[in-house]
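Worksheet for the structure shown next.
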Amino acid sequence: MGKEKKSAVVKYLEKLRGGPLTLGALLRSIRESDEHTLEGLAKRFGVSRSHLCDIEKERRGVSAERAARWARVLGYPEALFVKLAMQAELDAAGIKLKIDVKAA
């Protein structure tokens, strides 16, 4: 099976980050580029400011369900948010697999 093409946005963010894109890094990039405060975005998500900060700094994970909900709140594709949330779970477990998510 061939490698899937990454979107230009994901490639750009990975280049800026110097490594693979994570959900925390994506959320922080979106928050900063859309000029949301940490507190304001946390409120939109229904979580505390410290909880969102922990997610952005990759000290906490996010379920696939929550990732999809947050993508809808922000108007972004659910597949990308879910993929990054699920990949983080595999990485944390030391499972050497890569997630690929496509709309059903």
Checklist line | Mean Cβ neighbour count within 10 Å, used as a protection proxy, ranking 39-45, 64-70, 16-22 highest first | finding: 64-70, 39-45, 16-22
Check: Relative to the longest principal axis of the chain, what angle (0 to 90°, nearest 10) does the C-alpha long axis of helix 23-33 take?
Finding: 50 degrees
Notebook entry, point to check: What dipole magnitude, in Debye to the nearest 20, does region 1-69 give about its Cα centre under +1 on Lys/Arg Cβ and -1 on Asp/Glu Cβ?
Noted result: 180 debye
Check: Near PHE45, within a Cβ-to-Cβ distance under 14 Å, what is the net charge of the other residues, with Lys and Arg +1 and Asp and Glu -1?
Finding: +4
Next item on the list: Calculate I(q)/I(0) for the chain by the Debye formula, one identical point scatterer on each C-alpha and no solvent, and give its log10 at q = 0.18 Å⁻¹ to two decimals.
Entry: -0.89
Note to self: Taking the alpha-carbon distance from LYS96 and a cut-off under 18 Å, which aspartates and glutamates remain once sequence neighbours fewer than 8 residues away in the same chain are dropped?
What the structure shows: GLU4
Check: What is the helix-to-structure angle for 8-17, meaning the angle in degrees between its Cα long axis and the longest Cα principal axis of the chain, kept from 0 to 90 and rounded to the nearest 10?
Finding: 70 degrees
Margin query: About the Cα centre, and with charges only on the beta carbon of Lys, Arg (+1) and Asp, Glu (-1), how big is the dipole of region 41-104? Nearest 20 debye, please.
Written below: 200 debye
Notebook entry, point to check: Between ALA103 and ARG17, what is the spin-label point distance in nm, taking each point 7 Å from the Cα along the Cα→C-beta axis?
Noted result: 2.3 nm
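Taken together, the values in this text are just the output of simple stated rules run on the coordinates, not laboratory data. Source: prediction; values computed, not measured. Heads up, the Cβs are rebuilt from the backbone with ideal geometry, glycines too, and the neighbour counts pull from every protein chain shown.
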